[in-house]
Structure formats: structure tokens, C-alpha cells
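Asker: Supplied in C-alpha cells, the structure appears directly below.
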Amino acid sequence: MKEKAALHNYRFEVQHFVVLFIIVIIFQTALSFINNQSTNHLFQQAMDYYRRDSAERVADLTTTALELLIEQGRYENELQALNGNVAVEALDKLLSQQTLQRNIDEVFLIVHSGDSVIALREGQDIYDLYLGGGVAGSAGQEEIGRNAIAYFEQNQQLLLTEEQIISSLEGDNTFHVLVPFYDKGEIVGAAYMRVTPDVAGFLSLIETAYNQSGILFTGLILMGFMAMFFIYSYTAKERDQVQQQLFEQRSKQLREQVEHQKESLFTKRIYHTHHKAEKVMGFIKEDLRNLDAPNLDETRHRVTKYANFVSRVIYDMKSYDPPIHVIRNPIFRTDINEVIEFMVANIFRRVYREGESNAVQIKLDLAEGIPVLHINEYVIWEIIEPLIQNAIEHNIDHDLILTLSTEITAENELLIKIADNGRGFARNLLESDEEGVKALFKESVSTKEGSQNSGYGCYLAREISRRCGWQLDAYNPAGGGACFTITAKLG
């Protein structure tokens, strides 16, 4: 059962076996082709050597037998007067037994007879020439005999000079062999054989052995691939388990990191909100202390604006990504010039009063005829207020002149500018990343030193601008200072 359960851990699918089968077929085909080529080459060389050697050996043996038989016949004629018929039968048997073999096609004894060359293949002719004292008749007149004589005459000089067996290959399998024939110690001719060695049986045995080894080798390859598959499946399973553990650990770390970032972001939002609300609440307290009958309506209007702004700031702290309809909605009919005038008069000029050491001169250049915006006015307040505050705080030691202007461009767009005559933005703050966002508008980027909660105002202004469908940018004008621009499409 354990083995069965362990086997189930391996994910066998049809495509696995198909891939293995295709790999084995391709590998076996390539192996067979290469092995066939090399084996055929080796067989060809081996068979050439074997055929030549066997042909020469047979011819040499036949020639030696003829020489011995003739010598023996002479000896017996001289000493015992041997009957000629016995010698002729012995010569016929020697020649005919050679041709009975499948490998030997023709056998001739080629010798000189007077001024001519004759080819003998009958025992009677050989007996008459060497033992009977006569001359052979028409043995060399046959067509095949002429071919043998022609081959002898072609190689006669080499045969007499080298006194070695001469052989040549005709086609792929047929050998012509000449073996020097000696009579009384002298070369008087040659034994000729046309031999076609039959190696079909030998090749069949080799082919059978090769097929058996090929099948065995294929089985070994298949077993090797199966073993590789099992090993890979096991290692893949172990890898998946390790990856799952790493994934879970990484997920835990990411969750902790996200929670930490959320806490950090929430802390910054609280600080930023508290800073705004604290300042506005101070104005409310001051207005309430100075409340009397003549300024009742004015104070009530201003305090209402303050209270609504504080409510909006607290709402943003509670809901970082509020619904679009609380930001953009046709029910909102905001006069942008009125918002800017209220902020300048009731926020910044109350903080930076003229005649005091921290005074800031604020100029307004607001265009007339700007249509109402369907944007929550307190959302606009949240965009513009930190930009003005940023311009003032970064030029605190400068006689700052701040200019706020609005205009309608030729492209029917509302352009809001917040420009100053200060030191301008540092060059690194105006560098854009791959998404086109300038460093100035990134979270936690600030020129202030010693404040861990700085670098949030411009970032928040850009985020809120995006929700409004507006574009916020910053640059250093050619005449000096710094400038924020807000571009909003009208209509």
C-alpha cells in the first residue's frame, strides 16, 4: 500500500509517455543510422580482406595440390609404371571439387605450350601435357578460357618478377586470382581462379546479433529515461514544496511590510491632518472669541467654511480612497477664484500678517469669467493649501512674493499657477522616473531636514489632483523662483 501511495505522488500524464516515446524513436533512429553507417563501413573493409584472403588461399591450395599431384604422377610413372587413367581421375577430381564449391566459379591451369599460352581445366589435358608427353588440344579455345588467358598475359610480367599471388576485384564480390605454378622449380604458368566468396550467412549472423543488441540498448535507454523521469518528478515535488514554503514565508513578510507601510502612512496622514485641523481650529477659537453682533454673519460664514474643511480633512483620514462622487459631482458648483480668495484672506494672511517678521506678500491675478467647477471646493482647498504652504516654508528666510493666478488657455483649459520669487526647486526634485512622475511629488521626498513626517503635502496634492482629473506639475521659471501649475479641462 505504501508503494501504491508513493506511486500516486508521481503525476503521470499521456504527454509524458508521448514525449518519452518520441525521444526514444528519434534517438534509436539516429543511433541506427550512425551505427549502420559505421558498421557497413567496417563490414565492407572486413569482407574485402576476408574475400581476397579466402580466394587467394583457395587458389594457392589448389595450385599446390596440382604441383604435388603432377610430381607424384611422374614419380610413380618412373618407378611403378602407374596407369594413366588413375592420374587423370585424380586431376579431374581435384579440379571438379573446387568448382563444386559455391564460392569458386572457374578453375584453369594456364601454361605455355610452345609459343602459345593454353588454359587447361580437364584432367586429361593436364595429364597429356605433363605425364603423357603429349600436347593438349583445344582446351584453351573456349570463350572463358580466352578471358583467363588474357588476364594471365596482362599480369604475366608481374607474376614472373614478384613470384607472388596476384588478385583483383571485379565489381563488388568477384575476384580473379593468379597463383604461380612451378614445374621442376621454375614458374611455367599460373593457376587461375574466378572466385565469388559467399558471406551472406556471416552477414546474417552479424545482423541478427546487431538487432538483438539494438533492442537491448533501446530497452536500456527507455529504462534510463524512465529513471530520469522518476528522479525529475521526485525533485520537482521537493522543489514545489520548498517553493510553497518560500512563497508562504514571503507572503507573510509582504503582509507584515504592507501593514508596517499602512501604519507609517496612517501616522503621516494623522500628522498632516492634525497640522491642518489644529491651525484651522485655532482660527475658529479666535473668531468665536471676537464674535459680536456686527460681525456675526461674516464670522458664521467663515467658521462654517473652517468647520467644513476640518470635516473634509477628517473624512480623508478615515477614507484614503473615497468614492469619486464625493469629489466630482454635478451638484458641486465651485467658484475657483472665490476658493483661492478665501484661503488667502482667511488662512495665510491670518498666519503671515503684514508687518510681522514672517510676513509674506501674496498677490492675486485671477481671471474673470471662469465657469463653475463640479468639484468639491474643500477638495480644491486640500490641493492648493499644501502647495502654498510648501512655497512659504521653503523660502522662510526670503522676502517672498507669492503670486496666485488663474486663466483660461486657448485649449479651453483652466490653468492655476502658484509662483514665487524664492530659491526655486532643487534640480534633483524635478527629475522624472520611468512613469513620468517628478521626485517632488513622491511620498516622503522633502528638502526639510529633521522631520520624519515631511514630504507628504505635495504627494497628497498630486494624488487628490489625479482623482479630480487634473494635472499637477512643477518647474523653475526662467526669471527665477518656483512655480506649481494645475491644469483642469473645462466643459
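Every read-out reported here was derived from the displayed coordinates using simple, explicitly stated rules and does not represent laboratory data. Keep in mind it's a predicted model, so treat the numbers as computed, not measured. Quick reminder, even Gly has a Cβ in these numbers, built from the backbone with ideal geometry, and neighbours come from all protein chains shown.
Asker: Sequence-distant or interchain residues sharing an amide H contact under 5 Å with Glu106, placed H: which?
Answerer: The list, which skips near neighbours in sequence, is Arg194.
Asker: Let me ask you something else. Give me a comma-separated list of calculated 3J(HN,Hα) values for the range 294-303, in order, Karplus coefficients 6.51, -1.76, 1.60 applied at θ = phi - 60°, integers in Hz, x for any Gly or Pro.
Answerer: For the range 294-303, the Karplus-derived couplings read x, 9, 4, 5, 5, 5, 4, 5, 5, 5 Hz, x marking Gly and Pro.
Asker: If packing is taken as the average count of other Cβ atoms within 10 Å, what order do 111-120, 430-439 fall into, highest mean first?
Answerer: Going by the mean number of other Cβ atoms within 10 Å, highest first, we get 111-120, 430-439.
Asker: Taking neighbour counts of Cβ atoms within 10 Å as a proxy for exposure, in what order, fewest first, do Ser465, Ser168 appear?
Answerer: Ascending Cβ contact count within 10 Å gives the list Ser168, Ser465.
Asker: For the range 322-489, what's the radius of gyration and Dmax over Cα atoms, in angstrom?
Answerer: 15.8, 46
Asker: Quick check for me: using +1 on Lys/Arg Cβ and -1 on Asp/Glu Cβ, what's the dipole size of the range 322-489 about its Cα centre, in debye to the nearest 20?
Answerer: Charge dipole, the range 322-489, about its Cα centre: 200 debye, nearest 20.
Asker: Now, a different point. Explain nothing, just compute: Karplus ³J(HN,Hα) = 6.51 cos²θ - 1.76 cosθ + 1.60, θ = phi - 60°, for every residue of the range 239-255 in order, whole Hz, x for Gly and Pro.
Answerer: Values per residue, Gly and Pro as x: 4, 4, 5, 5, 5, 5, 5, 5, 4, 5, 5, 5, 4, 4, 5, 5, 4 Hz.
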